[in-house]
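S.K.: Could you have a look at this structure, given as structure tokens, before my questions?
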């Protein structure tokens, strides 16, 4: 059930992060303003995730997921009907629009904690790999379909912008699908722990806070190259159509999806931490090469190749966080590690948008790569000896 909801949400997210920059650019917004809307959306998701973390241990997770579904419904309708810059910023802050290829939302910590409770330690990385596989595959299909609403609008005699608005309305309507799915979750998902049980132990707190700081550095870098910002750079630099770029995102997402399964085998051989580091650094180097590519096809080929490595750390990272704390602490750990990551990625899109206003060169991509490599080296140094139970 959770894999299904992850896939459904990923599909409309895939459409949204391709359509969003084109929609805002058609409204006449500058790169700085587009970056501000993207930043507001990331900030809003972070605040919602933080709120979820505060109450996650005191309520039925299914109930919180249903509330998040209603917010998703409002998000799509509001974005589809709004054109004023300030209004779009406000909507971004208070709703769930996700301008990133990853899942930045209040759904994430709730689903992670529920998933980790369903399997033994030896299967934990595998189940998160399959969960990530579904999200990446279906999100790629969504990116591929990003141009469909525009084509339908043209065929029916409407303006392209009407098609883009329709894409956001679709995002909202899909919220009813996930709402129905969450309504079918077993009543055994109810959590009734006490306040003291929900708190992290001193040892867990030290580990989780350090991981949270490192993940925030990674997300700070990622904020300079969210899918929406990358799309804006491609539009400015190479003038690709939205449909063509959607195809590129689709190809990158496909190879990224299946790399999640490969990460399980790699982690079994060299460990979770080393898998995160030794796949992430080459991905960052490829991003540098994308920024330096001499033409659009070299750039897009390198971007797709990067997809083979860039998401291998995602299921491994989630599995590692769930492994280094006790089962009662997992929801708290998921929230604490996800919220700062979302906050750290909220402001860079504004600076990245400003950079793209000044030059079509891929400065945001270079900054992203530099920060991510720094994160990888620090992670290896600080956590190479902190092993999950299955590696002891």
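S.K.: Looking at the square roots a ≥ b ≥ c of the eigenvalues of the Cα gyration tensor of segment 234-392, which shape do they give, rounded for a/c under 1.5, prolate if a/b is larger than b/c, or oblate?
M.R.: Values: a/c = 2.17, a/b = 1.73, b/c = 1.25.
Since a/c reaches 1.5 and a/b is larger than b/c, the shape of segment 234-392 is classed as prolate.
S.K.: Something else about it: If each of residue 59 and residue 154 carries a label point 7 Å out from its Cα toward its Cβ, how far apart are those two points in nm?
M.R.: Rounded to a tenth, the inter-label distance reads 4.4 nm.
S.K.: Please order 144, 151, 289 by the number of other Cβ within 10 Å, starting at the fewest. Walk me through the numbers on the way to the answer.
M.R.: On the way: 144 21, 151 13, 289 17.
Taking fewest neighbouring Cβ atoms as first place, the list is 151, 289, 144.
S.K.: Give the shape of the chain as rounded, prolate or oblate, defined through the alpha-carbon gyration tensor: a ≥ b ≥ c are the square roots of its eigenvalues, a/c under 1.5 means rounded, and otherwise the shape is prolate if a/b is larger than b/c and oblate if not.
M.R.: Working: a/c = 1.73, a/b = 1.27, b/c = 1.36.
Oblate shape, in that a/c is at least 1.5 and b/c is the bigger or equal ratio.
S.K.: Now, a different point. I'd like the FRET efficiency for residue 301 and residue 391, computed as 1/(1 + (r/R0)^6) with the beta carbon distance as r and R0 of 35 Å, rounded to 0.05. Each step should come with its number before you reach the end.
M.R.: Values: r = 36 Å, r/R0 = 1.03.
Between residue 301 and residue 391 the formula returns 0.45.
S.K.: Could you give the length gained on full extension between residue 354 and residue 370, defined as 0.36 nm per residue of separation minus the Cα-Cα distance, in nm? Before the final figure, lay out each step's value.
M.R.: Working: separation 16, 0.36 × 16 = 5.76 nm, distance 1.87 nm.
Here the answer is 3.9 nm.
S.K.: Under 8 Å for C-alpha pairs, at least 6 residues apart: give me the relative contact order for the chain, rounded to a whole percent. Present the calculation step by step, with values, prior to reporting the outcome.
M.R.: Details: 713 pairs, mean separation 117.5, N = 392.
Rounded, it is 30 percent for the chain.
S.K.: Further question on the same structure: Arranged by the count of other C-beta atoms within 10 angstrom, fewest first, what order do 49, 374 take? Before the final figure, lay out the partial values.
M.R.: Working: 49 27, 374 16.
The order, fewest Cβ neighbours first, is 374, 49.
S.K.: Right, something else. Using only Cα atoms, tell me the angle between helix 272-292 and the longest principal axis of the chain; keep it within 0 to 90° and round to the nearest 10.
M.R.: In the chain, helix 272-292 runs at an angle near 10 degrees to the longest axis.
S.K.: Using only Cα atoms, find the angle between the long axis of helix 121-144 and the longest principal axis of the chain, and express it within 0 to 90 degrees, rounded to the nearest 10.
M.R.: 10 degrees
S.K.: Could you list 26, 236, 155 so that the one with the fewest beta carbons within 10 Å of its beta carbon is first and the one with the most is last? Each step should come with its number before you reach the end.
M.R.: Values: 26 13, 236 16, 155 9.
Neighbour counts put them in this order, fewest first: 155, 26, 236.
Bear in mind these aren't lab numbers, they're just calculated from the coordinates by the rules spelled out. Please read all numbers here as calculations on a predicted model, not as lab measurements. Positions of Cβ are generated from backbone atoms using ideal geometry, with glycine treated the same way; all protein chains shown enter the neighbour counts.
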